[in-house]
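Q: Before I ask anything, here is the structure I am working with.
The values are calculated or read from the model by the stated rules, or taken from the named source; none is laboratory data. Worth saying up front: this structure is predicted, and the values here are computed from it rather than measured. Cβ: placed from backbone, ideal geometry, glycine included. Neighbour counts: every protein chain shown. Calculation scope for accessible area: heavy atoms of the full protein, side chains included, ligands and nucleic acids excluded. Shrake-Rupley method; radii C 1.70, N 1.55, O 1.52, S 1.80 Å.
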Amino acid sequence: MRLLDPATQPDAIDLAAQRLAEGGLLALPTETVYGLGARADDDAAVARIFAAKGRPSNHPLIVHVPNAEAALHFAAAIPPVAQQLMARFWPGPLTVIVPRAEGVGAASAGGQDTIGLRCPDHPVALQLLQAAARLGVMGVAAPSANRFGRISPTRAEHVVDEFATQGEGLDEVWVLQGGPCEVGIESTIVDCSRGHPVVLRPGRLSRDELEAAAVMPMARSTP
């Protein structure tokens, strides 16, 4: 395991971006929780996330992008309600589900024809995503950086403890230090692919905030 700290290593962001460009695993900070990341357009790299976490490969992952323009790389279309939510809450703790572009991010989407996109509001994460984009990595698939079913990490030390000892055949996890996560819970997820927005997972953003930005009511997800 390798710990990269931008506060003490001037080349930490560049090394982390190169790690992603080469298909490696990198735990990165966001304002919600630390994510276990790999380049989202490389199905083999994404498979390493599922293996490290012990997570079923048909569970979709959230793709983190540096800005709304980069989201277009993964989306077949950005519905108007998604555009309104992104304009209001990006960067921030909001994931929008939109139709997936054909041939891009299939493993990240768990094989589905939709994909979850988010632009995190964390300075280190944004620097990393921008540096990765310059290397051709337009998005980073990153579920929480913990083994499947365990508590989501909010500090780099939690990730180190979780993945310090990897099982045989599993890829090494690098960790990018970004301090404690400000929000501490996963992002709010709104499905914008159904013609009417549906809140799939609550988070820091309130229903009132979401509805005010969307200028329409939010439906609740049903089991």
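Q: How much accessible area per residue does segment 44-129 have, counting only protein heavy atoms and a probe of 1.4 Å, in square angstrom?
A: 37 Å²
Q: Another question about this same structure. So what is the relative contact order for the chain, in percent, with contacts set as C-alpha pairs under 8 Å and at least six apart? Mind dumping the intermediate values first?
A: Working: 522 pairs, mean separation 67.0, N = 223.
Computed value for the chain: 30 percent relative contact order.
Q: What whole-number distance in Å separates the alpha-carbon centres of segment 153-223 and segment 66-114?
A: First find each Cα centre; the distance between them is then 14 Å.
Q: Starting from the Cα of I151, step 7 Å along the direction of its Cβ; do the same at S206; then give the gap between the two resulting points in nm.
A: 2.8 nm
Q: Out of residues 5 or more away from L25 or on other chains, whose amide H comes under 5 Å of its own, with H placed 1.01 Å from N in the peptide plane?
A: W174
Q: Going by the alpha-carbon gyration tensor, a ≥ b ≥ c the square roots of its eigenvalues, is segment 108-159 rounded (a/c under 1.5) or, if a/c is not under 1.5, prolate (a/b greater than b/c) versus oblate? Display every interim value, and only then the final one.
A: Details: a/c = 2.29, a/b = 1.12, b/c = 2.05.
Judged from the Cα gyration tensor, segment 108-159 comes out oblate (a/c at least 1.5, b/c at or above a/b).
Q: Work out how far the C-alpha atoms of the chain reach from end to end along every principal axis, then list the three figures in whole Å, largest first.
A: 46, 34, 32
Q: Please work out how much length the chain gains when fully extended from Q18 to N67, using 0.36 nm per residue of separation minus the C-alpha to C-alpha distance, in nm with one decimal.
A: Full-extension gain reported as 15.7 nm.
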